[in-house]
Structure formats: C-alpha cells, structure tokens
Amino acid sequence: MLPESILNQLKTALPDGQLPSSYGVYFKNTLVALCHALEDHILQSTPENPEQYPLVLVTFQRGKWYLQEADRYHEIAQCSRHIAIAAMADSGFESHKTGKLDQVSLVHLKEDDPLVHEWNLIILAPDYAAMLLCHELSPEEYRADTQPQVDTERKFYGFWTFDRTPVEKAAKILIEEMRPYNPELADKLTDIQTQITTTPSEEKTDLSGVVSRIVTYLQTSQQQLVTINRQTRELVDLEGQALRLNRNLAASKLQAFLRMAQRVDERDRDNPIASLQVSALAETLGQLIDLPTLKLRRLRLAGLLYRIGLAEAPSEVFKQTPEQLNDASYAFWRDRSVLGAQLLSTMSELHAIKEIVKEQLEHWDGSGKPNGLKGEEIMIEARILGLVAHFQELTQPRGDRQALSLGEALEKCLDYRDSWFDPTLLDSLTTIIRLTEMGLMALPDRPSQLPAIWLEEATK
C-alpha cells in the first residue's frame, strides 16, 4: 500500500487503523462495476430538495479511459451539489461538456502526483455516504507470472463502504490533496462538506437497493471478464485465472449480501442484532448436537443471512406483528425465505446457504413453506435455523407484543413440538435455555467467527 495514498492516509487517520472488511485486491472490471452501482444510486434516487444533493469527489487515474463515460457524469452533475474530478490535464475532460458545467470542477494532476495511480469515488450527502477507495498495484507488487497482459487484469488495493465516519475522513484528506492545485476550490469543497455534515437528514436513505445493484454489477463483470479472457488467453491459462477472478468477485458479492443483511437489522429498531444472535444461537445448538464442521460453517453464515429476504420489505414488517400487517406487507413476511433464496441464488458458491434460507420455514409435520417438506426431508441446518429464528423473535418486542423471557419464549416453541419443530432439536434448545436460566452458561450474542470471508467452492 503506497504510504502517500488516500487509502493509507485514511488507515492512519482511523482510530484503530482498521479498514472495512471489504478491503482486498480488486480487478479493474470489478471497480468499474462498483463505481456504476454507486453512481446509479445518485441518478435513480434524486431528492426533490437540492439541499439533499451529494458532494462527489472522484479521481480516475489518468482519466482518458473514463472519458468514454463523461456523458454519464454530465447527468450525475444535474443531481449533485458539486463534483470535483482529479485527472491528468490531457484526459479530455476539459473539452467535454461535463467539464464546462458550473457545478463541476477539474483538478489537473501532475505526472508525479501519487493520485495518478489512484481510483477513488467519494459520495457524501446529508442522508447517506458511500465510497470506493483504490490504488493500483505497483509493477513490483505483481508476481512475474501475474503481470497484466490486458487492461482488465490490472489489480488494485481497495475497499468500498457506506459507513459515514471513514467517508467523511477520506473526503477531508482528498480535498487537502487538491488544495495545492486550487486553494479556492478546496475552500469551497470544505464549506460544502461542512454544510452537509452539520445538517444531517432525519430520514436515512435505505441503501439495500444500491447493495443489490452492486451484487448484480459484480455478477455481470465476472461474466465479462471470463468472456474477454477466453478471447485473449489459451484455455489452460483461462481456467486458473477464472478461478482467481471468481474468488475475488465472490468475496465482494458476499460482502454485499452481508451488508444487505446488516441493513435489514438496522431497519428493525426493536431487534437490531437479530442476525448476529440467531447465527450465534444456531451455532451453539449445532455444536450441542455435534453437527459436522462444514455444516456448522454453513449454519453460521445462513444465520447471518436468514432475514435478507426482507431487504425491500415495507417498514411495517419491522413494527407490527404478522397478524397486524396488511396483505401487501404480510406477503413480504410470509415469503421472506423464498425472497432470500432468490437473492442468494445469484451466487453459485452460496448454493447450500440458499437452500438453508429457503427451507427455514418448512415444518416438521409438512405444513410449512415453500414446498411442504416433512421431517428429515428438511435440511438439519434449516430445522435449526427455523427454530432458533422463531425463538429469538419472541425474546424481542414487536408492535404491541412485549418481549418474552427466555423461559416464556421456550414454552411458546414447545407448543409446536411435533408440528412445526423437530422434537429432538427442541430438547437440545431446552437444555441450553435451562442452563442459561441456572447461570451455568450465557447465551452468545454473536457467532464464533464473523466473515472476513468464508466461501465454499461451488462443487462442494
């Protein structure tokens, strides 16, 4: 990591020096996909009030290759407070219509400026923040056998995030990097950032849609990479490279799914850590019945993603009991396992996780959804997940229903013995709760491992 890069300066400025879990090495096509997803959010969610428009700061290396999409930034400028683009003087932006707009400023980078090697997109608005920070690997950092032969094989250190604190810090750092070129512009950008940060919006933007777009773009970019390289490499080289690309992109897609699941929890004010608690208790129950390691890993990840089907659900789903929901809202609640499975189906490496999420609402007596599976026809991981999710839900308030104690929630689950839930699993859950009530153990509030990233090969 270049010490003078925005990425490294941000790492130094963060209290614990900890970059987001999406940090890694990305191929160029992946970065294009991520940029498009973040930019599309600006274009597709333009607020009526211009005071809600974002500040956009971008550096596109030498910039020439991105000129083909300068028309896109002409549109983005119409719904932004200001856009500052840093690129080489010969990039072509200055003669393009986008560079002539009042709300667009160009910073002509010098040949020896480290920003020439960076690719950054920072979006800061009153109601949300988003960012992609990257810089290209130096020639010395490529192994001899991995030197890029085509443009799409170029690699970058970087990460993407929606967390406001690092976005605001990175914006300040980049503005100061622009100051030697144009002090007046730096002052203007600082004033805009101050206005945005001191007048936050009471309504927070739901970013589940943009995360969903990230997943779609990553899937598309993966397909494009394989196609391009099939045309430029011998098949024997392609297989190894495709596997590396797949792992890189799959890791990014998994991060997108995990972020989407986290957003669902954040929307549920009465149960904001549901996924962590369900994953943790499901893992504990799986350990108690001596579930094999591979199945425990699947169960842990399925627990983190079990509510992802509610990503686009109306807010009433998180404020009312199912009995109080209108027909439209109830449909999201009823079909949440199927909706979650449909989202996860875009990633072949998550096939087993998708099936667990899909079967979590199947019942022991065959009365569940979506396929009416019965008894041991239901995956053991799904049986555990369904029981634990129902139990955890009861321990939290919902609408006019008060939170139940651990013992009360367990009794409610026992009412469904032999109908909804596997009786053997109910016995194991009873053991855990009784030990907890006796003070002999404490219920975990998070799984033993949180992905940094765990993936299975699609063939397993």
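Read the figures in this text as sums done on the coordinates, not as results from a lab. The structure presented is a predicted model; accordingly, all values stated were derived computationally and were not measured. Cβ placement follows ideal geometry from the backbone for every residue including glycine, while neighbour counts extend to all protein chains displayed.
Place a label point 7 angstrom from the Cα of GLU94 along the Cα-to-Cβ direction, then list the residues of the range 177-194 whose backbone nitrogen is under 14 Å away.
Those under the cut-off are 182.
Can you give me the long-range amide H partners of VAL104? Hydrogens built in the peptide plane at 1.01 Å from N, cutoff under 5 Å, separation of 5 or more residues or another chain.
The answer is ILE83.
For the range 6-202, just run the numbers: alpha carbon Rg, then divide by 2.2 N^0.38 Å, N being how many residues it has.
Ratio of Rg to 2.2 N^0.38 Å for the range 6-202: 0.99.
Mind checking the full-extension length gain between ASP191 and ALA13? Use 0.36 nm per residue of separation minus the Cα-Cα distance, one decimal, nm.
62.0 nm
Roughly speaking, what is the stretch gain from GLU266 to SER315, that is 0.36 nm per residue apart minus the C-alpha to C-alpha distance, in nm to one decimal?
16.5 nm
Which ordering of ARG383, ARG434 is given by a fewest-first count of other beta-carbon atoms within 10 Å?
Taking fewest neighbouring Cβ atoms as first place, the list is ARG434, ARG383.
Per the Debye formula with a single identical scatterer at each Cα and no solvent contribution, what log10 I(q)/I(0) holds for the range 270-437 at q = 0.08, 0.11, 0.14, 0.19 Å⁻¹?
With one equal scatterer per Cα and no solvent, log10 I(q)/I(0) is -0.21, -0.41, -0.69, -1.35.
Want the number for GLN78 to THR46: 0.36 nm per residue separation, take away the alpha-carbon distance, what's left?
The GLN78-THR46 span can extend by a further 10.6 nm.
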